[in-house]
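Okay, so here's the structure we're looking at.
None of the figures in this text is laboratory data; all of them are computed from the coordinates on show. Predicted model only: the values in this text are computed from it and were never measured. Here the Cβ is made from the backbone with ideal geometry for all residues, glycine too, and neighbour counts use every protein chain on show.
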Amino acid sequence: MHKVVIERPRWNPGRGKQGRRANLPDELLLKFEGIKRPHTNRKGLTDLLGPLKRWLQSQVGRPWNDVYSEACAVIKADSVIRAHVKTHLLEFVERHTFMHNGTVSVLDTGYRGLGIIAVTDRRYGYSRFFIHPETGLLQAIPPRSRKALRAERRTARAEIFRWLDCNFALKKIAGIWFACQFRVIPPEGRFKAYDHALGQEVGRGGLLRRDGQYLHCVAKRQLARRELRRYAVRNTYIETQPSTGRICGRLTPAFQFSAGRRFWVMGHCTWRFKSTFAFLRE
């Protein structure tokens, strides 16, 4: 199996234009020559994973322990090539599954960090199969069509971005809705400017594209309460972690006594309280 998955035949091993260094007559050829030497294009190592996927597909419904035992009997880990095939075999099967709310779930530890998700909701990775945590049987993850994936992306985009007209749009940034104003950038020439929707300086390649045009966000403002009700949107505030050495993110109440009366002072950082108390001592 490792030869089928990993190795490739030699490209044009004869005397063709791509096979030998030059089309020389027989009397000018070397009397003794190595097998690999006359070939400019030799064998390559390219993974052909189709047979491995089809073999796993044929094993769906069987216990994973039996399937893995049969695979290890053929793919022995006595060489780097065979160990490489076993690595691909384990990448295709999601083995660390568990039941959560009645569905087979996995713990997403990728860069997105989604936490506990259903095994059928994974949108990236090599996993095509999974092991049922209760029965131990090998099951296939049903593939989703491109049409369904595009519909999911449109639905997710509508939750954070809405067009009002050709120049204005609503965008949700860090849980807060903003009204953004865009202008069309010509496709020729150099361009680099600050984009208010992205919050950074970008070139033409980082801009938003619509109908083949580059759109640059030149201004934005937060929506008022009436506008939130008008467009049927809602802000979702995200609690941020405080920076190192300063207690920020939450309003901290403090007492201040002045002229025999007590009242509240709301501050964002501890250094403000220290300066206030120092002023009172004076």
For this session: Take Phe32, Phe182 and order them by how many other Cβ atoms sit within 10 Å, fewest up front.
Result: Phe32, Phe182
For this session: Could you point to the residue in Leu170, Phe191, Ala224 farthest towards the positive end of the stretch 155-230's charge dipole, with +1 and -1 charges on the Cβ of Lys/Arg and Asp/Glu respectively?
Result: Ala224
Problem set entry | Gain upon complete extension [Asp47, Val60; 0.36 nm per residue less C-alpha separation] | 2.4 nm
For this session: Between Thr103 and Glu201, take the C-beta separation as r, use R0 = 45 Å, and let me know the FRET efficiency to the nearest 0.05.
Result: 0.55
Exercise. Which order do Leu208, Leu149, Leu215 fall in if you start with the one that has the fewest other Cβ atoms within 10 Å?
Worked result: Leu149, Leu208, Leu215
Problem set entry | Extension gain, Ile117 back to Val184 (0.36 nm per residue minus Cα-Cα distance, nm) | 20.2 nm
Exercise. For Val80 and Glu27, FRET efficiency with R0 = 35 Å and r from the beta-carbon atoms, rounded to 0.05?
Worked result: 0.25
For this session: Any chance you could run the full-extension gain for Arg225 through Gln213? It's 0.36 nm times the residue separation minus the Cα-Cα distance, nm to one decimal.
Result: 1.1 nm
Problem set entry | Cβ-based exposure ranking for Asp26, Asp108, in which fewest neighbours within 10 Å come first | Asp26, Asp108
Exercise. Around Lys220, what is the net charge, scoring Lys/Arg as +1 and Asp/Glu as -1 over all other residues with Cβ under 12 Å from its Cβ?
Worked result: +2
